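Reviewing the structure listed below.
The values are calculated or read from the model by the stated rules, or taken from the named source; none is laboratory data. All of these numbers come straight from a predicted model, not from anything done at the bench. Ideal geometry is used to build each Cβ from the backbone, glycine not excepted, and the neighbour counts take in all protein chains shown.
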């Protein structure tokens, strides 16, 4: 499983995460929740290695990730779909997915097969595989970011705001995909603002406030009063 133990992280000298601890098990979706600016994206970036862990420990299975670079974490089976999707606008759909396979220890001969498998998850993308990423709609770009991450067949998937700015039909498709991935045994760390979506796909939640974990538990324990206290504007 993924385990964070008393993790501290931030930007420069500014500390954002303060003693954050939680775990994500295979076949489970844990949703990081909280108001804007409480450290959710900082936490996702720290797990992926884009931000340095200043204190504490991050472990994935038997591996200590704390000092590893992002490409080393990816090679251990961690996929990441960042906030804003991070696709390459001047590359085609197929090229974007292929780029996601580089640096992950996957033999080049397997790349076409992996790309084809990833695109079958999103038939709409398969039909436009030669279109440039920048010409896609927001929903298609999110699907492309997911396909790129999944092409490497990760065992842990980090999703940062996957429903942001996405039309309802594609949100439903993403929800179905998350359920399917969970049933396949993937561990998923989800950053999400939409309460209804979190309640639909997540098993557990971790509530952040001012960079600390204030509450965590099963999603069904997330009552209206807790939502009002921790998530209302």
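Overview of results
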quantity: Complete set of residues in the range 1-24 that are under 15 Å from residue 64 (Cβ atoms) and in a loop (DSSP other than H, G, I, E, B); calculated: 1
quantity: Boolean, residue 110 is outside the structural domain of residue 174 (by TED's automatic domain parsing) and modelled with pLDDT under 90; calculated: no
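For every residue, the table says whether it meets (1) closer than 24 Å to residue 48 by Cα; (2) surrounded by 23 or more Cβ atoms within 10 Å (Cβ to Cβ); (3) not assigned by TED's automatic domain parsing to the domain that holds residue 45.
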position: 126; (1), (2), (3): no, no, yes
position: 147; (1), (2), (3): yes, yes, yes
position: 159; (1), (2), (3): yes, yes, no
position: 162; (1), (2), (3): yes, yes, no
position: 173; (1), (2), (3): no, no, no
position: 184; (1), (2), (3): yes, no, no
